[in-house]
Amino acid sequence: MILIHNGLLVSTDGLQRADVLIDGERISAIVDPQATIASQLTDVQVVDATDLLVFPGLIDVHTHMRQPGGEQKEDFYTGTGAALAGGVTSIFAMPNTSPAITSRDTLGVALDLAQQNAVCDYGIFLGATNINMRLKADNPDLLECGLKMYMGSSTGDLLVEDFGAQYEHFQLYPRDRVIAVHAEHEPAVRYFSLHGERRPHIAAEVEVARAVALAERCNRRVHVCHVSSRREVEIIRDARARGVPVTCEYAPHYLFLTTDFEHGCVTEERTRELAEFAPGDALDPLALYQMNPPLREERDIDTLWANLDVADCIATDHAPHTLEEKNSAKPPSGVPGLETMLPLLLTAAHAGRLSLSDIARLCCEGPARTFNIPAKGRIAVGFDADITLVDPREQWTIGERPIFSKCGWTPFAGWHVRGAVKQVFLRGRPAFVGGKVVANHGAGKRISN
Ligand code: DOR
Ligand code: ZN
Ligand code: ZN
């Protein structure tokens, strides 16, 4: 047994000083630290958490693990290692791999790779196509964590832009499961691209409105990925007020970065920091900070922060690409994020922008509730002993510590943060200790939700 002694437990109810007793894979008791429970037990290993915060292991419902087919960017071992380093003990992986995960066979291949290599728990999305609407209905035993629909194009070749195909997926995918959408209106993306403008926010607004209308008409759950702009927030808030079953996630890069970064306005210092960290690479900020949807203006960011209550989850959209790819003539979209989400949020909490309870709601309880994940997201008796110990006072600079993601860089290099992940337990086993991943390949288990 393991006793996490005298830490400050974080939940949506607030902070509570308590001891957490772990028996096997589960939390077996939460007791008053004065109770000296350790002396009454034999065979107990005590972990002193005085001065530390005790979070439920974070759940990131939006990551790209790049397997199969993108192993130069990431694989299940390096990606889930990056998760642990960031205090994340559960990830959902997106299906825009090569080949894309759109069938029983391709899902099986990805699940096998994850089973052999993952060091945190995982789920894998099935990708919607223009022809696979019946797949889940015909194969209820498929082990996907949800359906991902690219209503607009992004990395990879998944795209369901036709209204009829979208509608049929909304009608046919089981009602008790989640459809997560990348909502950018493809005709708008194309139109503006022809006119030299990259994915303006009207593209996201139009398609989020459509996703909400489909959810309302078909009376089914939809989850909007990476909300990035003002109007999207308003559309979702209004829909929810009408009773439409829509959930959504915010991504850290839209909360912390603006178009200033891609325009190079603040990149002189940042470029130097990044260059120090990846010597020899000529770094074009426009390529480096390119993502779908793109970074937005200050007022959009302010709206996200002012409407944190609209978000059900914060999810990283961890989308690693190598610096070589980013420096190529056709740079791919996306940035890594698993290792930086929690330190950035803790820093924001220190600055008073959100509370520690908000972090527990958005990174632990909310994701578990949104995706019906059993026995995770809270520190409670009978729940999985997924636990992240954090030193809220430790100050450090992103980029000066080893990076676990195979892509080897971060858009937040040089940022001074306050709050560091000290130790992570995955179902009762130490998984990240002393800055190192100690879990073995395959220690992660598929989450059945
Ligand atoms: O910027 C992005 N990168 N947006 C996406 O929707 C996909 C992701 C990727 O897979 O690279
Ligand atoms: Zn997306
Ligand atoms: Zn994504």
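The values are calculated or read from the model by the stated rules, or taken from the named source; none is laboratory data. Bear in mind that the values here come from a model prediction, so they are computed numbers and not experimental data. FYI the Cβ positions are ideal-geometry reconstructions off the backbone, even for glycines, and counts take in every protein chain you see. With ligands, DNA and RNA removed, areas are computed over all heavy atoms of the protein, side chains included. Shrake-Rupley method; radii C 1.70, N 1.55, O 1.52, S 1.80 Å.
Any chance you could check the Cα centroid distance between segment 344-373 and segment 130-164 for me, in angstrom?
Going from one Cα centre to the other spans 29 Å.
Using a Cα-Cα cut-off of under 17 Å, which lysines could be cross-linked to K445, ignoring same-chain neighbours fewer than 8 residues away?
Excluding near neighbours in sequence, the set is K376.
Under 1.5 on a/c is rounded, so check that first for segment 68-216, then, if it is not, pick prolate when a/b is larger than b/c and oblate when it is not; a ≥ b ≥ c are the square roots of the alpha carbon gyration tensor eigenvalues.
Taking the square roots of the gyration eigenvalues as a ≥ b ≥ c, segment 68-216 is oblate.
Between D141 and A380, what is the FRET efficiency for a Förster distance of 25 Å, r being their Cβ-Cβ separation, to the nearest 0.05?
The pair D141/A380 has a calculated efficiency of 0.25.
Hey, if we sort H416, H185, H253 by accessible area with the 1.4 Å probe, largest down, what's the order?
These residues rank, largest area first, as H416, H185, H253.
What is the angle, in °, between the Cα long axis of helix 267-277 and the longest principal axis of the Cα atoms in the chain? Nearest 10 is fine, range 0 to 90.
60
Which of rounded, prolate, oblate describes segment 278-350, given a ≥ b ≥ c as roots of the alpha-carbon gyration tensor eigenvalues and a/c under 1.5 marking rounded, otherwise prolate only if a/b is larger than b/c?
Prolate, because a/c is 1.5 or more and a/b exceeds b/c.
Taking the Cα atoms only, what angle lies between the long axis of helix 163-172 and the longest principal axis of the chain, rounded to 10 degrees?
40
Which of V438, V224, V421 moves most in a GNM of the chain, Cα contacts under 10 Å?
V438
If each of R393 and A351 carries a label point 7 Å out from its Cα toward its Cβ, how far apart are those two points in nm?
2.2
In the Gaussian network model of the chain, springs joining C-alpha atoms below 10 Å, which of L356, L15, L111 carries the largest mean-square fluctuation?
L15
For S28, what accessible area in Å² do you get when you roll a 1.4 Å probe over the heavy atoms of the protein chains, rounding to the nearest 10?
In the full protein context, S28 sits at about 50 Å².
Got a number for carbon plus sulfur as a percent of the chain's accessible area, 1.4 Å probe?
Carbon plus sulfur share of accessible area: 50 percent.
Considering only DSSP beta bridges with both partners in the chain, what is the antiparallel share in %, to the nearest 5?
Around 50 percent of the beta bridges assigned by DSSP in the chain are antiparallel ones.
Any idea of R369's accessible area? Nearest 10 Å², probe 1.4 Å.
140
May I ask you to derive the FRET efficiency for R369 and Y167 from their Cβ-Cβ distance with R0 = 30 Å, giving the value to the nearest 0.05?
Rounded to the nearest 0.05, the efficiency is 0.65.
Counting only the heavy atoms of the protein chains, how much of I30 is accessible to a 1.4 Å probe, in Å² to the nearest 10?
Probe radius 1.4 Å; accessible area of I30 about 50 Å².
R446 versus A329, label points 7 Å from Cα toward the beta carbon: distance in nm?
My value for the distance between the label points is 4.2 nm.
Which one of A351, A83, A431 has the biggest mean-square fluctuation once the chain is modelled by GNM with Cα springs under 10 Å?
In the Gaussian network model the winner is A351.
Of the listed peptides 332-341, 210-219, what is their order by residue-averaged count of other C-beta atoms within 10 Å, with the highest listed first?
Taking the mean over residues of other Cβ atoms within 10 Å, the ranking is 332-341, 210-219.
Straight-line reach from K330: which lysines have Cα under 30 Å away, leaving out those fewer than 8 places along the same chain?
K73, K148, K406
Give me the accessible area per residue for segment 99-254, probe 1.4 Å, as a whole number in Å².
Result: 38 Å² per residue.
Compute the angle between helix 104-117 and the longest alpha-carbon principal axis of the chain, please, reported from 0 to 90 degrees and rounded to the nearest 10.
Computed tilt is about 30 degrees.
Quickly estimate the mean residue ellipticity at 222 nm for the chain, helices only: each DSSP H run with n ≥ 4 gives -39500 (n - 2.57), and the total goes over all residues, rounded to 500.
Mean residue ellipticity, 222 nm, calculated: -8500 deg cm²/dmol.
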